[in-house]
Amino acid sequence: MGKIDLPLKDVFRRARARIETYGIRVYVGDVPDPNTGTFDGIEIGIDYANTLEMSVFVLVHLFGHTVQWNTVPSYRTIDQRAKPGAPPSVIEEARMYECDASRYGLTLLHDAGVTDRDQWLSDWWASDWHYLSTFYSTGHLPNWETCRSTGHALLEAKAIPPFTPERFYPRYAF
């Protein structure tokens, strides 16, 4: 059995507890491959096969998307517009959607008392965008490990607007 990163496990625990104060259920379970998580506006599912590091990123990032889905109706259909071959303006909209999800996630971490993961989350966001933008430009999902990088500009936390969680339809995160 591998060594568990106890500080990162505590980050997951704190983030999960904070998310649940919004009335959002968080669970760990089986999510169809190649997806790492799922959300529907009121629940966030994390794939049990993820590494702990991936699980923390997916948790806070999908919280950000949950905020977006409950506050900006057009974001519930962005995956139908942002796909390979989409116009640059749509890809830019998708980039901002993805970035802001992580910015909300950063605020969530701060609200949960986690203030030492800003660079970590910024690097994960940049790596995630590299992964997604490669898919948008080629139509093929790259190997995740080839997209991982560090040393990116720090994200700026974004205030979480008031919202009431509402169930929509499930969306998977890959």
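Just so you know, all these numbers are worked out from the coordinates, no wet-lab data involved. The shown structure was predicted, so the numbers you read here are calculated from the model rather than taken from an experiment. Here Cβ is always computed from backbone atoms with ideal geometry, including for glycine, and neighbour counts include all displayed protein chains.
The residue list ALA94, ALA86 contains one member that is small (Gly, Ala, Ser) and either in a helix (DSSP H, G or I) or free of Cβ contacts under 8 Å to residues at least 24 places away in the same chain (or both), which is ALA94. Among the residues of region 101-122, the ones that are charged (D, E, K, R), over 9 Å from LEU155 (Cα atoms) and assigned to a helix (DSSP H, G or I) come to 1 in all.
Of the residues making up region 66-100, those that are more than 13 Å from LYS158 (Cα to Cα) and buried (at least 18 other Cβ atoms within 10 Å of the Cβ) are THR66, TRP69, ASN70, TYR75, ILE78, ALA82, ILE91, ALA94. Contact map, region 131-152: first residue within 19 Å of ASP33 (Cβ to Cβ), second residue in a loop (DSSP other than H, G, I, E, B) and of a type in the set (Phe, Trp, Tyr), Cβ cut-off under 9 Å, separation 6 or more or different chains; pairs are TYR131/PHE174; LEU132/PHE174; PHE135/PHE174; LEU141/PHE174. Under the condition of being hydrophobic (A, V, I, L, M, F, W, C) and buried (at least 20 other Cβ atoms within 10 Å of the Cβ), which residue from region 27-57 is farthest from the chain's Cα centre (by Cα)? If we take residues in region 27-57 being hydrophobic (A, V, I, L, M, F, W, C) and buried (at least 20 other Cβ atoms within 10 Å of the Cβ), then VAL31 is farthest from the chain's Cα centre (by Cα).
Yes/no per residue for (1) among the hydroxyl-bearing types (Ser, Thr, Tyr); (2) out of contact with any helix residue (DSSP H, G or I) (no Cβ under 9 Å at 6 or more places or on another chain):
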position: TRP120; (1), (2): no, no
position: SER127; (1), (2): yes, no
position: SER137; (1), (2): yes, no
position: HIS140; (1), (2): no, no
position: CYS147; (1), (2): no, no
position: GLY151; (1), (2): no, no
position: LEU154; (1), (2): no, no
position: PRO162; (1), (2): no, no
position: ARG167; (1), (2): no, yes
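Among the conditions (1) surrounded by fewer than 18 Cβ atoms within 10 Å (Cβ to Cβ); (2) outside any loop (DSSP other than H, G, I, E, B), the only one that LEU132 does not satisfy is (1). Output the number of the condition that ASP111 fails; it satisfies all remaining conditions of (1) out of contact with any Ser or Thr (no Cβ under 8 Å at 6 or more places or on another chain); (2) buried (at least 18 other Cβ atoms within 10 Å of the Cβ). The failed condition is (2).
Of all residues in region 33-54, count the ones that are over 23 Å from PRO73 (Cβ atoms), touching an Asp or Glu at 6+ places or on another chain (Cβ under 9 Å) and either without any contact (Cβ under 8 Å) to a residue 12 or more places away in the chain or not aromatic (Phe, Trp, Tyr) (or both).
First, the residues of region 33-54 that are over 23 Å from PRO73 (Cβ atoms): 33-36, 46-54.
The next check asks that each one be touching an Asp or Glu at 6+ places or on another chain (Cβ under 9 Å); those that pass are 33, 35-36, 47-49, 52-54.
Filter again for either without any contact (Cβ under 8 Å) to a residue 12 or more places away in the chain or not aromatic (Phe, Trp, Tyr) (or both), leaving 33, 35-36, 47, 49, 52-54.
Final tally of qualifying residues: 8.
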